[in-house]
1. Extension gain A:Thr7-A:Asp57, at 0.36 nm per residue separation less the Cα-Cα distance, in nm?
2. Write down the percent of antiparallel bridges among all DSSP beta bridges whose residues are both part of the protein assembly as shown, to the nearest 5.
3. Once you have the Kirkwood Rh of segment B:4-108 from its Cα pairs, apply Stokes-Einstein at 20 °C and 1.002 mPa s and quote D in µm²/s.
4. Give me the residues in segment B:20-60 whose solvent-accessible area, probe 1.4 Å, is reduced by at least 20 Å² once all protein chains are included instead of the chain isolated.
5. Just to be sure I understand: if I project the alpha-carbon convex hull of the protein assembly as shown onto a plane and average over all orientations, what area do I get in nm²?
6. So if I take the centroid of the Cα atoms in segment A:31-108 and the same for segment B:1-41, what is the distance between those two points in Å?
7. Where does each of B:Ile48, A:Ile26 land when they are ordered by accessible area, with a 1.4 Å probe and the largest first?
8. Excluding ligands and nucleic acids, what accessible area in Å² is computed for A:Thr103 using a 1.4 Å probe, to the nearest 10?
Amino acid sequence: GAGVSQTPSNKVTEKGKYVELRCDPISGHTALYWYRQSLGQGPEFLIYFQGTGAADDSGLPNDRFFAVRPEGSVSTLKIQRTERGDSAVYLCASSRGGGRDETQYFGPGTRLLVL
Amino acid sequence: DQQVKQNSPSLSVQEGRISILNCDYTNSMFDYFLWYKKYPAEGPTFLISISSIKDKNEDGRFTVFLNKSAKHLSLHIVPSQPGDSAVYFCAAAYGGSQGNLIFGKGTKLSVKP
């Protein structure tokens, strides 16, 4: 497809379980971002990839959160030992080259609910 | 501590009138500002941006004004249309940043026919 896609669209899990969220960026985009949007809040930055490497992971809340982008395209956000406070919409965005004046195109998000 | 603040959670405007959405920021290191629009169940969509070297940027019905001394920006939509009804997020980026954006909480705009 032409846009950023994210799977699954919804994920319900139990406290303590492990989840993986997938992002397919726009073809050719080298920069990929993950954000988290909690209820009533704006998106909050988690991690930024330039190619295969995590160039900035300063937004990851703790070491239960990890993300990879092994081939510089698809990215997976991994959350271990999920907690109820992890419930949120997880948004992925990509841009052509990174940098603040490159437009970020967002996917529809994965809505995660931890029971 | 919120660095980007949108103090109005909602705004209702009549079709054809002007919509003015406001945003304040606290960090003087921000030098690039953006507005995103979000419909339910969709990701945010880029609308318009402005660099801190400008005080105005216009794109069709959308104009963003930046007042650096007041650390304030606003988005004007003229004329407003029912299809503009959405949540509008203000975002900011630091000089030299790699693009990680700091967002406000959003303002829900309703444009009534």
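1. Values: separation 50, 0.36 × 50 = 18.00 nm, distance 2.15 nm.
Taking 0.36 nm per residue and subtracting the Cα distance, the gain is 15.9 nm.
2. On the way: 70 of 79 bridges.
Counting DSSP beta bridges with both partners in the protein assembly as shown, the antiparallel share is about 90 percent.
3. On the way: Rh = 13.8 Å.
Reported coefficient: 155 µm²/s.
4. Residues passing the criterion (a loss of at least 20 Å², heavy atoms only) are B:Asp31, B:Tyr32, B:Tyr36, B:Lys38, B:Ala41, B:Gly43, B:Pro44, B:Phe46.
5. Values: hull surface 49.6 nm².
Computed as one quarter of the Cα hull surface, the answer is 12.4 nm².
6. 22
7. On the way: B:Ile48 5, A:Ile26 35 Å².
Accessible-area ranking of B:Ile48, A:Ile26, largest first: A:Ile26, B:Ile48.
8. It works out to around 40 Å².
The values are calculated or read from the model by the stated rules, or taken from the named source; none is laboratory data. Small disclaimer: the values here were computed from a predicted structure and weren't measured. Every residue, glycine among them, receives a Cβ derived from its backbone with ideal geometry; neighbour counts consider all protein chains shown. Please note that ligands, DNA and RNA were not included when accessible areas were found on the heavy atoms of the full protein model with its side chains. Shrake-Rupley method; radii C 1.70, N 1.55, O 1.52, S 1.80 Å.
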